[in-house]
Every structure is written in structure tokens, then in C-alpha cells.
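Here the structure is laid out as C-alpha cells; the discussion comes afterwards.
Values in this text are rule-based calculations from the coordinates and carry no lab data. The shown structure was predicted, so the numbers you read here are calculated from the model rather than taken from an experiment. Glycine gets a Cβ as well: all are built from the backbone with ideal geometry, and neighbour counts include every protein chain shown.
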Amino acid sequence: MKKIYSRIEAIAGNVITVHAGGVRNGELAVVSSAGQSSLAEVIRLREEKVSLQVFAGSRGISTGDRVRFLGHPMRVSFSADLLGRIFDGGGKPRDNGPELDENMIEIGGPAVNPAQRIIPRNMIRTNIPMIDLFNSLVESQKLPVFSVSGEPYNPLLARIALQAEVDLIILGGMGLKHDDYLFFKETLEKGGALNRTVFFVHTASDPIVECLLVPDIALAVAEGFALQGRKVLVLLSDMTNFADALKEIAITMEQVPSNRGYPGDLYSQLAARYEKAVDFSGAGSITILGVTTMPGDDVTHPVPDNTGYITEGQYYLKNGRIEPFGSLSRLKQLVNKDTRADHRALMDSMITLYAAYKESLEKKAMGFKMTDWDRKLLKYGVIFEREMMDLSVNIPLETALDNGWRILASCFSPEETRLRSELLRKYWPSREGESD
Amino acid sequence: MTKGRVVGINGNMVTVEVAGDVTMNEVAYVSCAGKKLKSEVIRIRGRLAEMQVFEMSRGIGVGDEVEFTAELLSVRLGPGLLAQVYDGLQNPLPELAAQCGFFLERGVYLSPLDEKKEWPFTPTAGPGDTVSAGDALGTVPEGIFSHRIMVPFQFREPLRVERIVPAGSYRILDTIAELSDEKGNRFPVTMTFTWPVKRPVTCYRERLRPVEPLVTQIRIIDTFIPVARGGTYCIPGPFGAGKTVLQQVTSRNADVDIVIIAACGERAGEVVETLREFPKLADPRTGRTLMERTVIICNTSSMPVAAREASVYTAITLAEYYRQMGLHILLLADSTSRWAQALREMSGRLEEIPGEEAFPAYLESVIAGFYERAGLVRLRDRSSGSITIGGTVSPAGGNFDEPVTQSTLKVVGAFHGLSRERSDARKYPAIHPLESWSKYPGLIHAPGTEYARDILFRGNEVGQMMKVVGEEGTALEDYELYLKSEFIDSVYLQQDSYDPVDAAVPTERQRHVFRLLFKVLASRFDFGSKEMARFFFNQLRQKFLDYNGSPWQGDDFRRYEDEIRSFLETKRSGEDEEGGRILKELGSDTAGDPS
């Protein structure tokens, strides 16, 4: 049995240091105080001096507390029993259900061999036109929602989770407001998806170290299910809180900060999580949909900036709408060629016209003369925003495409859309059905 | 063999107490749970050596045994490197997958080259010949290339060939020759040897100045901001501006013998596209697949950080090996910022005094050292070979003032700055035509590109002005200038990488099309109204885009060209004096190329 050490030499932030031998990097320990106990993880070794970060935080820890090393790194139980359950960042039940300790798997495992990856090819339908039509979500994609705090990103995530054609949903909540946590729970319950969902939730009032564990634990479980052939959707909200937790620990450990106090390895840390998104050939897949709140709507802030370099695009949520500019799905061209013949061309044409609308709007605001063309665009922009961008619109891709043609026809003549003649012949709505 | 024991662990840095001698940058193996983890010595303090572990350091404990190898971090060189997919330490990834499955298991190191494959060897040196490091002893065919089997680069003195095997099939580890030095020491030589990655190979006669253009078949690059064979260039840009796509297009179409792709700390998905598509794509020059002239070094963002730092050196060393055979190599590194970040992480762990944005103070010299390994060289047999390096930079926040971009700009010969503005407007390639620069000569007579650049510059100014005063407040002459600059942008600078014809424009066509474009630019027009001018250029643009999309010298191509010429005449009232002179210098605009 492992030895117990009862002399804590230093406590700084959430990191404690003990004198111990035979300890391994990344090993787990239990720190027991008078009335409570917490897990802790070895993060640095120097001879006999072992530094651990305490999951529950160091508040109330005394130098006389007992530290017992467990001889293994952080693990989580993996089985079908997880479904419908709710856990905290340390893997402890939050839902009054039994603790699970069967089939423990390590978290934060090795990366997938790039030679074993395949080119993604399946679209995930969400029934949101701004996603399905303009920036299709692809199975095994990693995509964050960039947003200012206050935007309805959690309802958006919940809605995609409910409507997406996936086998399993794993929600990793980091620094989630308790209300938001309850919102997710109730929404998924109401939508009948709870029994195919696993929650790992760290709320804003929980210890900060547990926040760090949430993505790893959620993704380890997702990986387990994906290897069994399931299509898993992982929701991570909010990754900025995760990055802030990293910052806090790094400062405590006296690491040299690089940009606005964030550690130099922020990119690698975020990439290690997002890159878990994968389509296993011959097994299932992991798709990651995250939220990155941008402090001050600043996309150059280190967290959204580093995220943008890692993920395969982003949805830019602003004023309750997914903006067509700034939003991007890097994988959309892999799937939108196979949906319907008019998908790509219609998408390009509608966006180009919407960009022109924005220009006309600007011209109008500056008091320049409006031409006929400007007036057509102004009409189009309003309809586009109402029928495509409004998040309450909930229609399948095919309907969205049909609506797209109808909108174009109600505002422009066919040649003004710059669409190819063959498409116009096939899809341009006939005169009779047209409204003025 | 020196041994040691682990006394400290911090992230992927391990401190080892050493009994005996250690060398800086020596490779050592840390024993951990039955596995030996590769690491490199990066600092020595008294009896303590600090090492970066190339693997996850989880599970390493104080007291674990460490074996030092007395060898620097090296790659294995020999026939069979082409078409391989390696990680940053030259581990072949497909073989690794066959052995370990989906995940990258740590502590598994496989031979980078197939040791069982037989190669038909033809000797070119004979007994009694005097040879030096890097000289050919014979050749084996590797794909379309004649792969030189060379005297290992380590030998500093001239050697005598004592014995060489006759032509026949040999495996890479078979002894194919025996060499001797002046003292009579004999050295058996096989078809393979190792070379430390951080030491440049210098077995050539002299380095030459890069002047010959490296044709990428991307118009904006070849015409306005060219790259030279043996030169260096960098592509900084914010995320989503198309750095990787630009690299991918270049890797397909660049006029070089071998392309080495160092996917360094970027998305795995992007490498996968190359990995899966290159074996299917035909190389237009050879008819074989693109994969046969490509080596991929792939250390993506979720793979261990220390190996990421090694990966760019692995790539450049392989490039130097093939350059020694008189070949032209293009090394594409995506992205050098990730490599710099790997340096920063290690520097932080070493608790060095940080420089700007916490990058180490030696960042500049390390970047310079890397780019300086590019170059055009004349070998001892008078043939020449080159390495061109193109590195992407991912500046934080898209701001080019950060240390990696600035350090890189100091040492490269061309700068292809990508702009968010242009990529948002879907103008691809999103290289900013006015901010980018190149010190190399291009495909087109320089006064011609200068003239066009001037129009771009002044037209852009008019465009800025128009945002304030509106179209009404702009003079017709200025408006025409503005339309000309927009015209250059939309028909020449932008290029559709998805169009089978427009995606790659060879030299001859570029020169031809540029002359036609120039004729438009040098023309004076008689429009009468802005509406007329806009209408004219819209029509002309449409014709020119169709022209760009039609196969070279085909029926459509000729027809569109005739249409453009006659349409131009409808409004053309004369010619700018300077423009007319340059147009003559550019050569005849109806016939083919002046040879």
C-alpha cells in the first residue's frame, strides 16, 4: 500500500508541496483535512519535493493534513452507466446518483496518429439556415462559437445538440453559471435527450482546478464511446474560462506569462483538447462545438486568437444572430457539394449580395444618393436578415434553399444574381408564385 | 555509456543527475514503465543535465534511469525517404499506425527507412579514386530521380576508395564500399548514414546568389512578389486568411524537383488532406503521383511540443541531403510560429530571462539560422542544387509587429503578407499586393510590374478618397484609375484555386496574359461618364475572367482574346507615353513569347 505523508511544506494558491519519495509525474493523491478530502495531481517534482495542485482548492488545508498517493493518474469510469448522469469536474456525481468506479480509463491520453485520420465527409444537420446553408457543420469538425458574454450562446448550443443527428451528447461545462447549468439540464430533459447525454459540469462557484479537468474528462469519455462506433457531439462551454483557469495556475506556479498574462503554452493546451475531434476510420467520431467568449468583442484577445488558429472555423454570434461575415466553416466544401446542385452557388450569391447590401447601408447612412440597385439591395437585406439570419428560423436545408431562391426572386431579376444560367432555369421561381 | 537518474520533472523538462560526460544536444532515453522515452539535453549545470522529453512526461518519477547515447539528435539518410510520412523525429507514421493503431503510443521508435528493400545500385566511383564527404559513390533509382549514394558527410578528409561492390541489388545496410584515410584506417560504407539535424550540411563548393525565379504558377507571386530558387520567403497572416491553402497550392504546382512539407504544430486535418490526396494527384511534369516527389514531416498541434521544435530541423536536413544530389527542393514550413512557441515553452521551463512576449532572447538568431540553411549551391561536380524555404507565420492577433514576424522579415528575401481585409472580401490568394515585397527578380520585365503596381497604389488612394467624398465627388480621370486598379485586382491578382485552368498559370501564359493586361492599363479611354466607364470595365472583366478560365491556346482562349482586343478598341482613344514604351519592351502582344 502507498505511504501517507503528513507534512505539507508549502501552500501557494491551489498548489501544495510535500516531501515524498517514489512519486510519479501526473500521479493522483488524496489530501485529507479534518472534515473533507480532495484529490490532487502531481505537477512538478524536484528530488523529494512534490508539488500538487489540489482540485478542491487549498482553502482550509493545514500543514498537518495527510496526503496519500494513489499510484495512478487521473481517471474516469467509462461505461454505458454514464449516460444520463451528471458529474463535476473531478468526476464526482452531482446528481445524487451512485459513484462509478468500474472500468477506469486515463484522461488526457495520447494524440491520434495523423496517418489514421480520414477526410471528413458527413454533414451534421442542425436546421439552422446560417449553419446548414452557409457554414455547414461537418462530422468530426472542431468549431467554437465566438461570442460576447450576454449573447444566447448556451441556448444555441443546446438547440444544436437536440437537433443534430448524433448518437451521444457530452456536455463539458466550465465556469458555467448555475442557471445555465440548470437550463442545459432542463432543455435536454424536455427534448428527451437526457438519456443519451453525459454532463461534466464545473460551475462558476466550484474550485478552479476542476475547471481544468473538464475538457479532458469529457473528451476521454467521448473517445471511449467513439471507439465503440458512436457519433459523439461534445459541447464545451466556455473555453475562455478554461484558459483563464490555466492562466491562474500558471501564475501560481510562477511561470513567465506571454500575452496578457496567459501562459506561453496556451496554444498547445487548447490544441491538445480541440484536436481530439476525429473521425475514426471503421469506428465512430467526435465533433466538438465550443464556446469562446471574447472579452470586449475583441477577436485578437489571446483566447479567441489562439482558438481561431486551432479550430476549423468559427461561428460568430452577435446581436443574437450568426453573422455571415466572420463566421467560417473550413470543412463546408467537403460536404456542400453533395447536398443539392444549387447549394454552393446559391450560398455564394446570397452572401455576395448581402455584402453589397451592407455597403449600400453604409452609403445611405453617409447620405449618398441611392440608386435603384441600392434600393433593391436594401429590400433584400431586410428579408435576408429576417428569413435566414434570425435564430428562431428552424427549417431543413432543402427548405432553406427553396426560401433562398424565393427571396432572390422577390428582390432581383435573374441576371442580377450572377448565378449561372442552368441553375436559374432549374430553380428560379416562376412568375405566378412571386409576391411583390 | 553515460548513465544518470532523474531528479526533477517540470512539464516535459526532466532534470537528470549524470555520472560521467554529457554533450549538449545529446540524445538520451528516460526509462519509464518499461518504455524508453527519447529526450535531448538542452542545458548542463554541473552534474545536472536538463533535457526536453519528446513524449508525454506523465508517469516519469524521481530516480528513473536515464541512458545517454553520445549522439546528437540525428536523422537517417538514404534511399527511400521520398513519399514518406514522418513525425518530427523521423518516425514513419503509417508504420507506427500499423503497429500501434489509432493512437501515437509513446516510446515506440521505428526505422525511418525500409531495411529489407533491395535497391539496384550502379557504382560511379572506382577503386583508387579520391573522394570527399558528399561525393557520389554510385546511384540507385528512386522514383524519377537518380539518387546518389554519397560518402557520409561526417568525413572531413579526402578518402581513397579501396573497394566498391559491382552493380547489383543491395539493401541499405549492406556494405557497398570501403574507404581509407591517409593513416590507413578503413571505413566500410553502406547506402545510409545519419546526420545531426541542427548542423548544416556544407559539402558543396560554393553558395550562389539566388536569381532564377521559382515558378509557383500563382500570378500575384510570380509577377509581383516573386520567389527565387534557393531563396526564402514568409507568409504571415491572421487565421482564416488562407496560409495553409496557399502552401497546399504551392506544394502542388511549384516548379521544383522535391517538395518537403513540414506541418509543424498546425491542424492534423490539413495534413490529412495532403496525405490522402497526393497519392492520387498526378504530377504534370512527370506523370507520376505527387506523393513520389514529396516528403511530409508531420508534427501537428496535439503531438508533443519538443518534437515540434525538432521537426523543422528534420525537414531541412532531408532537404540538404537531396540538394547534395543536384536537385531543387522546396521546403514549406507551416507554421514557424508554432515552432517559435515550442522554443518559448522550453525557455520558460528553463527559467531563462524572457524577451518580448516571453519569447527567448535568442529567437532571432535561431530563426535566422534556420532560414540561412536555404540557398543555391554549386556542388563539387559543378552541378547545382537549391533549397527554397517558404515559412508561414501565425502572428498573435494578426498583428505583424510581433517578434516572430519581425525576426523572420529580417532574414527572408520575400514577404507575402496575407490580409484579413482581402480574405473577408473573398479575394484569394489574400496576399496584400501593396504591403508585400520581394527582393528577387520576377518573370516579367520589371518596369512593367512597376507600372502596374503604381496604378494599384494610386487607384487604391482614389478608392480610399471615394469612401469619403463619394463617387459624385471624384474626377472621371481618377475614377478611371480606380477602375484600372480594381481590374488588375480582379483579373490578375485574384486566382481561382478551384478552377482547373486558373489554378495554375505557367510562365508562358503569365507573360502572355500580362501583356494583354498591360495593354489595357496603358490605354487612354474616352468614356464621357462614370457610368460608361464602370459599364465598360465590368464587361471587360467578365470577358477576361472567362479568358482566364479557358485552356491555353485553345479555341475559347483565342476567341476570348480577340473579343477582349476588339472590345478594348471600342473605347480606346490612345496610349500613355510611358506605358506605350514599356509595352514595346514587353514584346509583341499578338505572337507568342519572345525567346
Inset, instruction - Report Rg/Rh for segment A:4-73, rounded to two decimals, where Rg is the Cα radius of gyration and Rh the Kirkwood radius. - result: 0.90
Inset, instruction - Give the dimensionless ratio obtained when the Cα radius of gyration of chain A is divided by 2.2 N^0.38 Å. - result: 1.13
Inset, instruction - Using a cut-off of under 19 Å, list every residue of segment A:134-156 whose amide N is near the label point 7 Å from the Cα of B:Arg426 along the Cα-to-beta-carbon line. - result: A:134-137
Inset, instruction - Work out, step by step, the length gained on full extension between B:Asp181 and B:Ser383: first 0.36 nm times the residue separation, then minus their alpha carbon distance; give nm to one decimal. - result: 70.1 nm
Inset, instruction - Give me the angle, in degrees from 0 to 90, between the Cα long axis of helix A:178-190 and the longest principal axis of the Cα atoms of chain A, rounded to the nearest 10. - result: 60
Inset, instruction - Just tell me, in residue order, which DSSP H segments of chain B are both 27 angstrom or longer along the helix axis (alpha-carbon based) and at least 0.0 in mean Kyte-Doolittle hydropathy. - result: B:305-323
Inset, instruction - Apply 1/(1 + (r/R0)^6) to the Cβ-Cβ distance of B:Thr69 and A:His72, taking R0 = 22 Å, and write down the FRET efficiency to the nearest 0.05. - result: 0.10
Legend entry - Scattering curve values for the protein assembly as shown, log₁₀ I(q)/I(0), Debye with Cα scatterers, q = 0.04, 0.08 Å⁻¹: -0.23, -0.89
Legend entry - Extension gain, B:Val245 back to B:Asp546 (0.36 nm per residue minus Cα-Cα distance, nm): 106.0 nm
Legend entry - Kirkwood-Stokes translational diffusion coefficient of segment B:446-585, alpha-carbon pairs, 20 °C, 1.002 mPa s, µm²/s: 137
Inset, instruction - With a cut-off of 19 Å, note down the residues of segment B:388-404 whose backbone N falls inside the zone around a label point 7 Å from the Cα of A:Asp297 toward its beta carbon. - result: none
Legend entry - Note, ³J(HN,Hα) from phi for segment B:200-206, Karplus 6.51, -1.76, 1.60, rounded to Hz, x at Gly and Pro: x, 7, 10, 7, 10, 6, 7
Legend entry - Convex hull volume of segment B:205-438 per residue (C-alpha atoms, cubic angstrom): 122
Inset, instruction - Please identify every one of the GluC sites (Glu not before Pro) in segment A:1-86 that sits in a loop by DSSP and has no more than 16 other beta carbons within 10 Å of its own beta carbon. - result: A:Glu47, A:Glu48
Inset, instruction - Please say if segment A:77-335 is rounded, prolate or oblate, where rounded means a/c under 1.5 for a ≥ b ≥ c the square roots of the C-alpha gyration tensor eigenvalues, and otherwise the choice is prolate for a/b larger than b/c and oblate otherwise? - result: rounded
Legend entry - Histogram of C-alpha separations across segment A:343-433, 5 Å bin width, %: 3, 13, 25, 24, 19, 11, 5, 2
Inset, instruction - With both partners inside the protein assembly as shown, how many of the DSSP beta bridges are antiparallel, as a percent to the nearest 5? - result: 70
Inset, instruction - In debye, nearest 20, what is the charge dipole magnitude of chain A about its Cα centre with +1 on Lys and Arg Cβ and -1 on Asp and Glu Cβ, if you could check? - result: 380
Legend entry - Highest-fluctuation residue, A:Ala226, A:Ala277, A:Ala341 considered, GNM on chain A with Cα pairs under 10 Å: A:Ala341
Legend entry - Diffusion constant of segment B:118-193 at 25 °C, which comes from Stokes-Einstein with the Kirkwood Cα-pair radius and 0.890 mPa s, µm²/s: 200
Legend entry - Nearest-ten-degree value, helix A:372-384 long axis tilted from longest Cα axis of chain A: 40
Inset, instruction - Filter the GluC sites (Glu not before Pro) in segment A:229-318 down to the DSSP loop ones having no more than 15 other Cβ atoms within 10 Å, then list what survives. - result: A:Glu254
Inset, instruction - Pull out the extension gain between B:Lys410 and B:Arg45, defined as 0.36 nm times the separation in residues minus the alpha carbon to alpha carbon distance; nm, one decimal. - result: 128.1 nm
Legend entry - In sequence order, calculated HN-Hα J values of segment A:18-26 (Karplus, 6.51, -1.76, 1.60; Hz; x Gly/Pro): 10, 8, 7, x, x, 9, 10, 4, x
Legend entry - Mean-position separation - Cα centroids, segment B:53-113 and segment A:62-135, in angstrom: 28
Inset, instruction - Report the calculated FRET efficiency for B:Glu450 and B:Glu575 (r = Cβ-Cβ distance, R0 = 22 Å), to the nearest 0.05. - result: 0.80
Legend entry - Largest-first ellipsoid semi-axes for segment B:3-72, taking √(5λ) over the Cα gyration tensor eigenvalues, angstrom: 16, 12, 11
Legend entry - Whole-Å distance, taken between Cα centres, linking segment A:240-286 and segment B:252-281: 26
Inset, instruction - Among the aspartates and glutamates, select those whose C-alpha is under 14 Å from the C-alpha of A:Lys376, and discard any that sit fewer than 8 residues away in the same chain. - result: A:Glu359, A:Glu415, A:Glu416, A:Asp436
Legend entry - Viscosity 0.692 mPa s, temperature 37 °C, Stokes-Einstein D of segment B:457-511 from Kirkwood C-alpha radius, µm²/s: 255
Legend entry - Likely footprinting exposure, B:His328, B:His445, fewest C-beta neighbours within 10 Å first: B:His445, B:His328
Legend entry - Over chain A, relative contact order from alpha-carbon pairs under 8 Å, at least 6 apart, %: 16
Inset, instruction - Using θ = phi - 60° and the Karplus relation 6.51 cos²θ - 1.76 cosθ + 1.60, list the HN-Hα couplings for segment B:108-120 in order, rounded to whole Hz, with x at every Gly or Pro. - result: 9, 10, 10, 5, x, 10, 6, 7, 9, 5, 9, 10, x
Legend entry - Pairwise FRET efficiency - B:Tyr109 versus B:Ser365, Cβ, R0 = 35 Å, nearest 0.05: 0.70
Legend entry - Label-to-label distance, nm, for residues given as B:Glu477 and A:Lys364 (7 Å Cα→Cβ offset): 3.7
Legend entry - Spatial separation of Cα centroids for segment A:364-436 and segment A:14-37, in angstrom: 64
Inset, instruction - Give me A:Leu424, A:Leu70 ranked fewest to most by other Cβ atoms within 10 Å of their Cβ, as a rough exposure proxy. - result: A:Leu70, A:Leu424
Inset, instruction - Rank these for me by crowding, A:Ile4, B:Ile389, A:Ile208, going from fewest to most other beta carbons within 10 Å. - result: A:Ile4, A:Ile208, B:Ile389
Inset, instruction - Between A:Val42, A:Val112, A:Val54, find the one with the highest GNM mean-square fluctuation for chain A; connect C-alpha pairs within less than 10 Å. - result: A:Val112
Inset, instruction - Would you grab the residues whose amide H sits under 5 Å from the one on A:Phe87? Only those 5+ places off in sequence or on another chain, please, with H modelled 1.01 Å from N. - result: A:Arg94, A:Phe199, A:Phe200, A:Val201
Legend entry - GNM result for chain A, Cα springs below 10 Å: residue of A:Lys332, A:Lys369, A:Lys185 fluctuating most strongly: A:Lys369
